[in-house]
Amino acid sequence: MIDHEGPTPLYVQVADAIEARIVAGELLPDRPIPSENQLVQEYGVARGTARKALQLLRERGLVVTVVGRGTFVVSKPGSVER
């Protein structure tokens, strides 16, 4: 799934993988996505890489982070109302 030797930055690959899970309905609206620690373990990347992937997903309008609660799939992609 993640190509550690490929030209695409790892954080982009992780973000793309999570986006695919959202689109497929595996990660549901208003429900949390895996934590940074879980992403580190699941994808075999550094914490900073997981953090950048989450930032990219926020920029894409797919997730919103609530301090102290976690990162959640937005109810309507493109809308980050919370």
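The charge dipole of the chain, taken about its Cα centre with unit charges on the Cβ atoms of Lys, Arg (+1), Asp and Glu (-1) only, comes to about 360 debye. Only helices enter this figure: runs of n ≥ 4 DSSP H residues, each worth -39500 (n - 2.57), summed and divided by the residues of the chain, yield -13000 deg cm²/dmol at 222 nm to the nearest 500.
Under the combined filter of DSSP loop state and at most 16 neighbouring Cβ atoms within 10 Å, the range 4-82 retains none of its chymotrypsin sites (Phe, Trp or Tyr not before Pro). Rolling a 1.4 Å probe over the protein heavy atoms gives the chain an accessible area of 62 Å² per residue. Spin-label pair ASN37-ALA24: with each label point 7 Å from Cα along the Cα-Cβ axis, the two points sit 2.5 nm from one another.
With the full set of protein chains in place, find how many percent of the accessible area of the chain is carbon and sulfur; take the probe as 1.4 Å. In the chain, the share of accessible area belonging to carbon and sulfur is 51 percent. Across the chain, C-alpha contacts under 8 Å between residues 6 or more apart give a mean separation that, scaled by the residue count, equals a relative contact order of 30 percent.
Which is the longest run of the chain containing none of the GluC sites (Glu not before Pro) found in DSSP loop states (not H, G, I, E, B) with at most 16 other C-beta atoms within 10 Å? It would help to have the intermediate numbers written out before the result.
Details: sites that count: GLU5, GLU26, GLU81.
The segment 27-80 is the longest one with no such site.
Other residues whose C-beta falls under 11 angstrom from the C-beta of ILE18 contribute a net charge of -2, scoring Lys and Arg +1 and Asp and Glu -1.
The values are calculated or read from the model by the stated rules, or taken from the named source; none is laboratory data. Predicted, not measured: the structure shown is a model, and the values here were computed from it. Glycine gets a Cβ as well: all are built from the backbone with ideal geometry, and neighbour counts include every protein chain shown. These area figures cover heavy atoms from the full protein model, side chains too; ligands, DNA and RNA do not enter into them. Shrake-Rupley method; radii C 1.70, N 1.55, O 1.52, S 1.80 Å.
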